[in-house]
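What follows is a single structure, written as structure tokens, with notes after it.
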């Protein structure tokens, strides 16, 4: 049962990292049918089956939320790195200045 819960959390996190909510909806709809196999095979009561379904849905959605948080933190970190100039070719001010093209002198456009 523990491996099943960990697997659901991993599937939810992977769906949260890679996809939007349109992928989560079919997972939520199909999950109760897959989860019903476990209580039926063990001969559990209806109350146990309902609790198992609710727990499975909660674990899946919690994993999905964790995947969304990881994706949001990673994209914010990438924006921060791009904005600070660390992703440019050079290190320090000389590296950035040498990558720029020199500006032409002011007299160059006024030739007669």
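The values are calculated or read from the model by the stated rules, or taken from the named source; none is laboratory data. This is a predicted model, so every value here is computed, not measured. Methodologically, a virtual Cβ is constructed for each residue, glycine included, from the backbone with ideal geometry; neighbour enumeration extends over all protein chains shown.
Condition check for residue 44 on (1) within 20 Å of residue 2 (Cβ to Cβ); (2) at pLDDT 85 or above; (3) surrounded by fewer than 15 Cβ atoms within 10 Å (Cβ to Cβ): one failure, at (2). Scanning the stretch 43-56 for residues that are assigned to a helix (DSSP H, G or I) and farther than 17 Å from residue 14 by Cβ yields 46, 47, 48, 49, 50, 51, 52, 53, 54, 55. Among the residues of the stretch 47-66, those identified as touching a residue at least 40 places away in the same chain (Cβ under 8 Å) and within 20 Å of residue 2 (Cβ to Cβ) are 55, 56, 59, 60, 61, 62, 63, 64, 66. Listed by first and then second residue, the pairs with beta-carbon distance under 6 Å, at least 6 apart or on different chains, first residue in the stretch 26-44 and in contact (Cβ under 8 Å) with a residue 24 or more places away in the chain and at positive phi, second surrounded by fewer than 16 Cβ atoms within 10 Å (Cβ to Cβ) and in a loop (DSSP other than H, G, I, E, B), form an empty list.
Yes/no per residue for (1) in contact with a strand residue (DSSP E or B) (Cβ under 7 Å, 6 or more places away or on another chain); (2) at pLDDT below 65; (3) assigned to a helix (DSSP H, G or I):
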{"position": "60", "(1), (2), (3)": "no, no, yes"}
{"position": "83", "(1), (2), (3)": "no, no, yes"}
{"position": "88", "(1), (2), (3)": "no, yes, no"}
{"position": "97", "(1), (2), (3)": "no, yes, yes"}
{"position": "101", "(1), (2), (3)": "no, yes, no"}
